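Engineer: Here you go, one structure.
The values are calculated or read from the model by the stated rules, or taken from the named source; none is laboratory data. Predicted model, so just to flag it, every value in this text is computed and none were measured. Quick reminder, even Gly has a Cβ in these numbers, built from the backbone with ideal geometry, and neighbours come from all protein chains shown. Note: accessible area is taken over every heavy atom of the protein model, side chains too, but ligands, DNA and RNA are not part of it. Shrake-Rupley method; radii C 1.70, N 1.55, O 1.52, S 1.80 Å.
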Amino acid sequence: MFKVRYCFWSLLVVSLMMIVSSCSDSKQDYVCVIPNDATAVVSMDLNSLALKSELGSSSAITTLKKYMGIFISTDARTKMETLINDPSLSGLDFSQPAYMFMTPNQCVGLTFKVDDCSMFENIIETLARQGICSGIKEHDGYQWSTLMDDINICFSDNTLLLMTQLEGTAMSGSARLQSLMLSLMQMPSEESFASGDCFRRMNSQECGDIQFYANLAAVPSEYMQNVKLPLPVGARYSDIQLVGGADFNKGGAMLKTQLYSDSEKVQKMIDDIYSSFKPIEGQYTDNAGDYICFTAGVNGGKILNYLKAIPQVKEYLIGANLAIDCDNIIKSFDGDILFCMNSGNSYSLYAHMGNADVMKDIDDWKQSAEEYGFGFSEVGSNQYRINVDDNDWFMAYSKETLYVGSEARELSNGTKSDRLPEEQKGRNIFVNVNMKDRYPLVDKVVITSSGVGEMTYVIDMRDKSENILKILLGQWKL
């Protein structure tokens with residue numbers, strides 16, 4: 001019963017955050033409670049998110065109203081339903097962004113702009129009479145309450161601050177958390193996160209529904225293993241910052257991220273990684289596959305240095321170099337590369353070689369391959385089959401192009417194109433993932449990069465009239 005009740009009131013809090021409300025021109029003093037050493041900050045445009053998700057008419061709100069009849073009295077239910085239907089009665093100004101943040105000691109905070117303190121007091125008193133939170137106490141010039149025993153609430157006539165602690169954190173006890181909250185409520189604006197460069201960078205993002213900042217050291221290691229960002233090898237995560245934003249629109253969603261560092265040394269490492277890439281020319285557009293296509297313009301010498309700094313890739317290159325001069329092959333790349341995986345599990349790589357002279361030693365590679373137990377045989381003019389552990393892959397080359405793939409391919413005609421698709425213009429990296437056969441709601445996912453540290457992720461829905469937020473909310477059930 002406690003879990004159901006907890007989920008129910010968690011949903012109520014989220015609903016209050018997201019429903020459309022009246023506008024206010026008040027100053028954003030409430031932002032100044034975010035400490036300048038916050039390891040992660042998320043800004044949410046509640047009006048936009050609520051409208052796009054059609055929250056007011058969603059099944060989640062219908063279910064919420066249904067469960068209110070189980071846990072609270074009729075009078076309280078009437079007040080809560082009135083509040084859901086007209087959030088301006090909450091006393092909170094949802095037209096201003098809400099900010100969620102994390103502190104270095106693993107405390108999580110949520111701050112809102114207060115528009116009418118007396119209205120919000122009335123909400124807390126109603127919840128207190130239902131045993132949902134404690135009654136209001138006043139000390140140190142602020143109003144205090146506790147929600148569900150572990151969420152502390154502090155508010156003034158301008159700011160609402162909610163905070164809790166993650167499990168297993170060093171800080172324990174409500175008194176210590178309240179002490180931290182008091183110090184944040186009293187913190188001078190010039191000492192807050194809102195006065196720093198990270199806040200400026202976060203708010204300058206083009207996407208406005210959600211904006212965020214994170215020090216990568218705050219991201220759990222299990223998630224960092226799956227981060228698809230070119231990261232400096234050997235740099236401390238604590239020296240790397242990430243800002244970004246997300247927009248949700250009809251037919252899809254967009255996420256933009258920007259990687260940077262306040263450390264001059266680490267920033268140079270980031271610059272060096274992205275200098276491995278240059279604008280795509282569209283040389284192999286006609287060879288695109290039907291599942292995953294990775295296209296990039298590359299400087300082979302620079303990208304080899306980055307690849308060899310990655311332990312797993314370095315180990316693979318050492319093994320491959322026993323038979324084939326992989327290092328010099330990669331160094332010869334100067335222009336577009338295209339890597340494709342097809343729905344039938346076949347794969348192919350095309351790469352433009354600025355210098356094909358590296359292939360002149362292929363007869364020596366054949367001999368080395370045999371010495372190390374690899375099969376290496378010629379199957380056509382400049383075409384070869386290579387067998388490793390009973391797996392065949394094929395290689396072919398022409399004056400300007402290298403091909404490696406799961407099927408034999410001749411490069412004599414039509415493998416090189418100069419047709420650059422509009423969506424690839426100005427991009428250094430372009431990844432297209434066809435989702436049609438895997439997810440019924442998603443058409444494709446596109447990942448691009450156009451500058452140092454910058455990545456853009458676009459999700460295209462099959463139904464161009466639907467918003468992804470509405471779809472996700474429709475699947476949210478208590």
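Engineer: Could you name the aspartates and glutamates whose alpha carbon sits less than 14 Å from that of K464, not counting residues in the same chain fewer than 8 places away?
Structural biologist: Within reach: D443.
Engineer: So which aspartates and glutamates can K137 reach, going by Cα to Cα under 19 Å and dropping same-chain residues fewer than 8 places off?
Structural biologist: Hits, sequence-local ones excluded: D116, E121, E125, D149, D150, D157.
Engineer: Once you order the gyration tensor axes a ≥ b ≥ c over the Cα atoms, which shape class does segment 189-306 get: rounded for a/c under 1.5, otherwise prolate or oblate by comparing a/b with b/c?
Structural biologist: The shape class here is oblate.
Engineer: While we're here: Could you list, in their original order, any pairs among K308/K366; K265/K436; K113/K268; K278/K399; K113/K436; K399/K436 whose Cα atoms are separated by more than 31 Å?
Structural biologist: K265/K436; K113/K268; K113/K436; K399/K436
Engineer: Quick one: pull the percent of accessible area on segment 204-341 belonging to carbon and sulfur, 1.4 Å probe, ligands and nucleic acids left out.
Structural biologist: 55
Engineer: Leaving out same-chain residues fewer than 8 places away, which aspartates and glutamates sit with a Cα under 17 Å from that of K256?
Structural biologist: Leaving aside aspartates and glutamates fewer than 8 places away in the same chain, those within reach of K256 are D45, E206, D209, D247, E423, E454, D460.
Engineer: For segment 300-404, what Kirkwood radius comes out of the mean inverse Cα-Cα distance, in Å?
Structural biologist: 14.4
Engineer: Rounded to the nearest whole Å², what accessible area per residue is found for segment 264-375 with the 1.4 Å probe?
Structural biologist: 50
Engineer: A follow-up question, please. For segment 339-426, state which chymotrypsin sites (Phe, Trp or Tyr not before Pro) are in a DSSP loop and have at most 16 other beta carbons lying within 10 Å of their beta carbon.
Structural biologist: Hits after loop and neighbour filter: Y372.
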